[in-house]
Amino acid sequence: MINYYMPTKILGGKNIILEKAEEFKLLGKKALIVTGKISSKKNGSLNDVLKALEKCLIEYVLFDEIEENPSLETIDKATEIGRKNNIDFIIGIGGGSPIDASKVIGILIKNPDVPSEEIFMRKNLESINIAAVPTTSGTGTETTPYAIVTVHKEKTKKNFGQKVFPKVSFLDPSYSMNMPLAVTVSTAVDALSHLVEGYLNSNANILTDAIAESGLRLWGECIVELLAGELSFSTREKLMYASTIAGILIAQIGTSIPHGMGYPLTYYKGLPHGIANGVLYVEYLRSFKNRERVEKLPFLLGLESYQSMEDILRTFTKVDLKLSHEEIHEFSKSIAENKAKLQNHPESITYEELYEIYKNSL
Ligand code: NAP
Ligand code: FE
């Protein structure tokens, strides 16, 4: 069955924000800019947004305190500032963290009677308009309806349960030019994991396969420079578009087991999101019983053998971390009970098999 939906306007290219500044006028009259503490001030993205807003005579308020893996507490703080200042749309600038936070803030501002911890239980809440300016090439949040939030009370990260697609996303690879190699690799591995989990997915169909295959080919073209540690503009551009394509893919069919297995590795062990998934990948892919599709992956990535794909995955996800038996037991139990993620995995998988994936990876 095919069920394709992608309402986000995607505008891409160098200087796209200044060229298409009038897009902001379609979103509202006063903006809340939501970003992280440092990077958007250094990579030019915040400056370009401010210039564009000035050009359109749009007022704004800046909230620049979003941390990695954003918490409900920080989201509440930004919401309060947005409400006090009567903002009517949001511009999220940065990696997945500020853009995801923007989607949650957008829901809370539109629905003032819903407390933040309740949004996970409610259905179909609407948001005010959101614009996204990604500066990493990994999450694809600029083209997904998801937002992943850290909920300290439950000691986990989880999707907010609503569907908020940005109205417009501006993709300018220039902002990612000076991204440190560690962040570049970790976010690139996140994009790869979206492509693979969308390809090896119970809901995969002829249309999602076309999207996944083109994304995997594009990602594969970046491997040589990722390994060398120096990325040209053209490769940064390919990575950014591969990540957006991966977002379009998971917007249709979701991620699967590695994403669910990676969340505790981020929450309890502090691994960056992409590495937390990626470190499990060699074992995850080996766990598949139906080998046919899995063995197409190296071919789509332009690699000569399955072995070289495993070598590359290991190189990109080296971590110094050992899990205890109790930790592996708790994490495996939690994913074995996560119906949403298991549903997307195209085969049955047991607690014991999940345990083995963690044990053999870490
Ligand atoms: P991030 O958490 O947004 O940012 C990671 C770090 O990179 C921060 O220190 C940030 O600095 C820095 N940074 C961002 N852009 C930079 C640039 N251009 N140059 C230099 N440094 C830069 O990282 P992310 O991996 O993009 O996002 C991860 C979050 O997205 C996780 O919470 C994950 O669960 C979520 N996610 C969401 C989806 C979805 O569909 N919604 C999918 C996958 C993952 P500053 O803090 O100073 O900005
Ligand atoms: Fe992800």
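Quick notes on this one:
- Full extension of the chain between GLN307 and LYS29 gives 94.7 nm of extra length, using 0.36 nm per residue less the Cα-Cα distance.
- Over the chain: helical MRE at 222 nm, DSSP H runs n ≥ 4 each giving -39500 (n - 2.57), nearest 500: -14500 deg cm²/dmol
- List ARG286, ARG291, ordered by accessible area with a 1.4 Å probe, largest first: ARG286, ARG291
- Rg followed by Dmax, in Å, when region 68-171 is reduced to its Cα trace: 12.4, 35
- Sorting the Cα pairs of region 276-318 by distance into bins of 10 Å, from 0 upward, gives 28, 59, 13 percent per bin.
- Region 174-227-region 326-348 distance, computed between alpha-carbon centres (Å): 23 Å
- Principal-axis tilt of helix 325-336 within the chain, Cα atoms, nearest 10 degrees: 70 degrees
- What the Kirkwood sum gives for the chain is a hydrodynamic radius of 20.5 Å, with every pair of different alpha carbons counted.
- Helix 257-267 and the longest principal axis of the C-alpha atoms of the chain enclose an angle of approximately 70°.
- Here region 150-215 is described by how far its Cα atoms reach on the three principal axes: 37, 35, 27 Å, from widest to narrowest.
- Grouping the Cα pair distances of region 180-290 into 5 Å bins from zero gives a pair-distance distribution of 2, 13, 22, 23, 21, 13, 5, 1 percent in increasing distance order.
- Kirkwood Rh and Cα Rg combined as Rg/Rh, region 237-362: 0.95
- For LYS157, distant residues with modelled amide H under 5 Å away: VAL151
- Heavy-atom accessible area order for ASP320, ASP64, largest first, 1.4 Å probe: ASP320, ASP64
- Between GLU73 and GLU19, the simple spin-label model (points 7 angstrom out along Cα→Cβ) gives 4.3 nm.
- Whole-percent carbon and sulfur share, accessible surface of region 5-51, 1.4 Å: 54 percent
- Using heavy atoms of the protein chains and a probe of 1.4 Å, the accessible area assigned to VAL114 is about 10 Å².
- The label point for LYS84 and the one for GLU213, both projected 7 Å from the Cα toward the Cβ, are 5.5 nm apart.
- Degrees separating the helix 72-84 axis from the principal Cα axis of the chain, which is the longest one: 20 degrees
- Contour minus Cα-Cα distance for LYS158 and GLU295 (0.36 nm per residue): 46.2 nm
- Net +/- balance of residues flanking GLY220 in space, Cβ distance below 11 Å, scoring K and R +1, D and E -1: 0
- Distant alpha-carbon pairs in region 1-48 (separation over 17 angstrom), percent: 54 percent
- Accessible area per residue was computed with a 1.4 Å probe on protein heavy atoms; PHE24 scores about 0 Å².
- Accessible carbon and sulfur surface of region 110-197 relative to its total accessible area, %, 1.4 Å: 54 percent
- In the calculated pair-distance distribution of region 210-269, the portion above 18 angstrom amounts to 49 percent of the Cα-Cα pairs.
- Straightening the chain between ARG122 and LYS9 buys 38.0 nm, computed as 0.36 nm per residue apart minus the Cα-Cα spacing.
- In the context of the full set of protein chains, the chain has a per residue accessible area of 43 Å² (1.4 Å probe).
- Virtual spin-label span in nm between LYS269 and ASN47, 7 Å along Cα→Cβ: 4.0 nm
- Whole-Å semi-axes of region 19-109's equivalent ellipsoid (Cα gyration tensor): 20, 16, 10
The values are calculated or read from the model by the stated rules, or taken from the named source; none is laboratory data. Bear in mind that the values here come from a model prediction, so they are computed numbers and not experimental data. Here Cβ is always computed from backbone atoms with ideal geometry, including for glycine, and neighbour counts include all displayed protein chains. Note: accessible area is taken over every heavy atom of the protein model, side chains too, but ligands, DNA and RNA are not part of it. Shrake-Rupley method; radii C 1.70, N 1.55, O 1.52, S 1.80 Å.
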